[in-house]
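Read-outs throughout are calculated quantities, based only on the coordinates presented, and are distinct from any laboratory measurement. If you're wondering where the values come from, they're calculated on a predicted model, not measured in any experiment. Cβ placement follows ideal geometry from the backbone for every residue including glycine, while neighbour counts extend to all protein chains displayed.
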Amino acid sequence: MKTLFLAMCAAYGLGAIAALVGGRNSLGRGLVALGAIAGAGVGLALGALVIATGIPFVLSVSELLPLGGGLALRLDSLGAFFLVVIGIGAIPAALYGAGYTAAYENGGVSVRLLGAMFNLFLLAMSFVTLADNVLTFLLMWEGMSLTSYFLVMTEAGEERTRNAGLWYISMTHAGLVMLVAAFLLFTAGAGSGAFADLRASAALVTANVRDTIFVLAFLGFGSKAGIVPLHVWLPRAHPAAPSHVSALMSGVMIKMGVYGLLRVALDLLGGGPAWWGGLVLGVGVVSALLGVLYALMEHDLKRLLAFHSVENIGIILIGIGAGLMFHHYGLMPLAALGFIGGLYHVLNHATFKGLLFLGAGSVLHATHTRNMEEMGGLIKRMPWTALFFLIGAAAISALPPLNGFASEWLVFQSLLAGVNIPVPEVAVLMPLAVGLLALTSGLAAACFVKAFGITFLALPRSAEAAHAHESPLSMQFGMGLLALACIGLGIAPFAIVPVLGRILAGVGGLPDAGAEFTLNVSLQTPSGFGQMSPTLIACGLLLLIGLVLSALWLFRLNRQMRLSDSWGCGRVGQTARMEYTATAFAEPLRRVFAEIYRPMKELTVDFHPGSKYFVQSIEYRSEITPWFDQSLYRPFLQSAAFVALQVRRLQAGSLHLYLLYIAVVLTVLLVVARWS
Amino acid sequence: MTYVLEPSQPLFAVALAPLVVGFVHWLKARMQNRTGAPPWQPYFELLKLLRKEVVVSKQASWLFRCVPYIVFASTVAVTFLVPFLFVPQRFDSVGDLLAVVYLLLLGTFFLALAGLDPGTAFGGMGSSREMTVAAIAEPTIAVAIFSLALGAGSTNLGRIVRQALADPTTAISPGHLLAFAALFIVALAETGRLPVDNPATHLELTMIHEAMILEYSGRHLALIEWAASLKFMIFLSLLANLFVPWGVATDFTPTALAAAVIALLLKLGLLAVLIAALETRVAKLRLFRVPELLGVSFVLALLAVTSSFLLR
């Protein structure tokens, strides 16, 4: 295992070095991708080995960081699962990046920095899953945040990118402050930063301190995961980053927040009162619903996908929240069901969101715009990208037999099992969560009909879209890998769920729930609440399509086909201006949820000076500003700016004044010291 | 034996579905003092469409030509899971109620994409509205499933039916009645009946389903129409057999099966009369009133779960 670990570090390191010396040409880009693919592949193998054998990988170098207990690494099965997720997300993204970064060859963008940071980012993220004491964890966490910040800032020439970077770095550091506070509180009780000591001392910590640690950790990890209302950086940073980086950040990095939450709340603290689970579940429901609602109104393809990441993190947290709740009530098989649903969705989201971001990147690459209103008809010009994007869209909409369905089914089942909790309030609020989760998935389907239909179908709405071209082979290959993963993970849950159960065995006192699931083709929940088989559904669908086609052929029913114009109520010729737009598509839902959106409308009609019956021009503008931007962040930012202004009065710029300050402060301190 | 008999149930449903729709149309005509087409008219229409040539829009892509098969196959796949005459035994573990809902959503998803494909305003309008209605109907279905699952301890249809047969009093429990009302409203919305969508209109700005499939013709249209009538029958049979499962055969004796056929026909007939009467009496709602109706159904479903939990 040590060899694998060293090979992983070496591959990422070589990739980073190759980036710095290699330069912009295709060889340099290829080496960068090769380093990242090798590193991620070896990491995946290491993770898989730990999961398969159940023996954790331990490595401690106490000389490296003598202060806080040294660099301590330990890969247990929970960390190994997330290392596997990194590998699954990173290999296609790196492959795709080799082709995608070609566009930067003669631009003002540093390809060297991008390549180096890409590898270092993956390395830091892998180390987060390995960290075994507080100092290592926080350092690697910060390394992951900083490297990803540089990746977001790749196109720093643009104002919007700099703005996005600022939001990202401030939110991630606000999160870090919470984490440092949480871990300081925790280590104060344990006396050491090693995770094993924390785990041992968790039972001795008083209830109030445990609650504080949990809330701080939830906020800190939540800001990385993108829970509402700490998600504001996601829709800004993800579109700004290069698409293969967006795929990694959205598919993999935000999952580190989930990992941290599981590690602290379940593993180190060993679970807690029921309201912990309730809080996680409630925040999950709100994030899922608001994420998809704002995604529906978005016409920037990558921003739309970023909002969907908020939604999917919500779904993951619903599973984990339900798990924490069952854990409190001692219903261990059901707790495992909730966590398995959450973890399965982590894996699935990494594949389909990665796929969708790569698809959006190909579209951006071909049309040079992210605005869906200027796209259309791309299915004819980019057939492979369209097919892969369609698979991703169907998977994220939880349509059977793709992978989104399998994990959402498990999350649904864990919520339905909520009736087993012997507290009426909980059991009555669960149906509400079920309803909202169902609404979320219905809206997600509507949103992806919009995203795919407006982007890829009908006539091109701009000249760029009309002259789009298919992306290079390496990019197609990256997308194809993820599309296969979406299908594979969808039809093989019977193989994956028991493994997830084994991963969780022992974490926070969970039993090995793998045995609870029957290992045949169908997927059964522990309490026997439901049973289904995506494998057989997939076979059945294919079989039925084949049957229908052969029946039509057999009966020699008219196979003639004629191409003609779309039917248009007698008008001649069809232009793209007659098509439905993304705004129009989402309009009914905007009206239905107007109370949440509170859209701003502005209608300016310019009349003829002679008579108001002749309209010269009409201007219509509509905007939706999310309420958390308006009522949560704006006052905060304004007061911060106000405080900064007040502080500026002290900073007059005069050296004499500053010397006076020093003298005054010194005197005051001396007086205080004398009198106390 | 079960391997031979079980696939006969979907076959039966696929064959009977056009008749159910034709029967509702015929009833409606009678209630409106018209002679109306005979109940078996839909079969002639399907045959006619299957024989005609297909006209495909120049602007449409390959997706447009695949969608009818996906829609038909996914709807037929659902019929394997639904207890029409008897409780599926081999197929019961293949999918539960959630799988049924999401398989139907699969068809809606692709149909909505096909509506956008030819690039006409009508198609987009239909897709947008269909997805809106489908999305808002989803929570009611999920919560109604919850309420049914609560009683049976399972989301699998076979378990629900068997539980209800074993304990007949559940059929008249308040939770069941409320869930029935909720699911009935949703069934109207999902299958495009009044007051949500008017199946009789063609080329009006109010239409939803018809606008979406406006570009289809020939065998493509036949498959989509057939799938639509099948979906209608699935919803009616779910309403009939999950809430009032009397008559559903649990073994494969000829008498039990004959009784099951008669019981199903009676129940479907009753529901058809109910829907025909409703469609004669009720006007179509404005599109933006539909969420209120579905909101009512959601509240009914929530009340259903709460009461079945409290009365458990």
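What's the magnitude of the charge dipole for the protein assembly as shown around its Cα centre, counting Lys and Arg as +1 and Asp and Glu as -1 at the beta-carbon? Answer in Debye, nearest 20. Provide the component values of the computation, followed by the final result.
Working: 58 positive and 49 negative charges, 218 e Å.
My answer is approximately 1040 debye.
Averaging 1/r over every pair of different alpha carbons in the range B:163-218 and inverting the result gives a Kirkwood radius of 13.8 Å. Report, in whole Å, the centroid distance computed from the Cα atoms of the range B:192-228 and the range A:261-318. Each part reduced to its Cα centre gives a spacing of 38 Å. Rg/Rh, computed from the Cα trace of the range B:193-312 with Rh as the Kirkwood radius, has the value 1.05. Taking 1.002 mPa s as the viscosity and 20 °C as the temperature, the Stokes-Einstein diffusion coefficient of the range A:303-385 based on its alpha-carbon Kirkwood radius rounds to 144 µm²/s. Taking trypsin sites (Lys or Arg not before Pro) in DSSP loop states with no more than 12 other Cβ atoms inside 10 Å as exposed sites, chain A has its longest site-free stretch at A:1-555. Modelled spin labels at A:Q651 and A:V286, positioned 7 Å past Cα toward Cβ, are 3.5 nm from each other. Over the range A:258-403, the ratio between the Cα radius of gyration and 2.2 N^0.38 Å evaluates to 1.22. Convex hull volume per residue, computed on the Cα atoms of the range A:67-210, equals 123 Å³. With the charge dipole of the range A:115-207 set up from +1 on Lys and Arg Cβ and -1 on Asp and Glu Cβ about the Cα centre, the Cα lying farthest toward the positive end among the listed residues A:T172, A:L123, A:A194 is that of A:A194.
On the principal axes of its alpha-carbon atoms, chain B has extents of 56, 44, 42 Å, going from largest to smallest. May I ask for the Rg/Rh ratio of the range A:366-489, computed from Cα atoms with Rh as the Kirkwood radius, given to two decimals? When Rh is taken as the Kirkwood radius, the ratio is 1.14. Considered as an equivalent ellipsoid built on the Cα gyration tensor, the range A:359-425 has semi-axes of 39, 13, 8 Å, the largest given first. Which whole-number percent of Cα pairs in the range B:3-81 have a distance greater than 18 Å? Distances greater than 18 Å cover 61 percent of the Cα pairs. Computed from the C-beta positions of A:T604 and A:K380, the FRET efficiency with R₀ = 45 Å rounds to 0.75.
Our analysis of the range A:587-665 gives Rg over Rh at 1.40, with the two radii drawn from alpha carbon positions and Rh computed by the Kirkwood formula. Note on the range A:190-272: the alpha carbon radius of gyration divided by the globular reference 2.2 N^0.38 Å gives 1.31. Decide, for the range A:238-323, between rounded, prolate and oblate: order the square roots of the alpha carbon gyration tensor eigenvalues as a ≥ b ≥ c, take rounded if a/c falls under 1.5, and otherwise choose prolate if a/b is larger than b/c, else oblate. It is oblate, given that a/c is not under 1.5 and a/b is not larger than b/c. The ratio of the alpha-carbon radius of gyration of the range B:27-153 to the globular-protein estimate 2.2 N^0.38 Å is 1.34. Three semi-axes describe the equivalent ellipsoid of the protein assembly as shown; taken as square roots of 5 times the Cα gyration tensor eigenvalues and ordered largest first, they are 49, 34, 28 Å.
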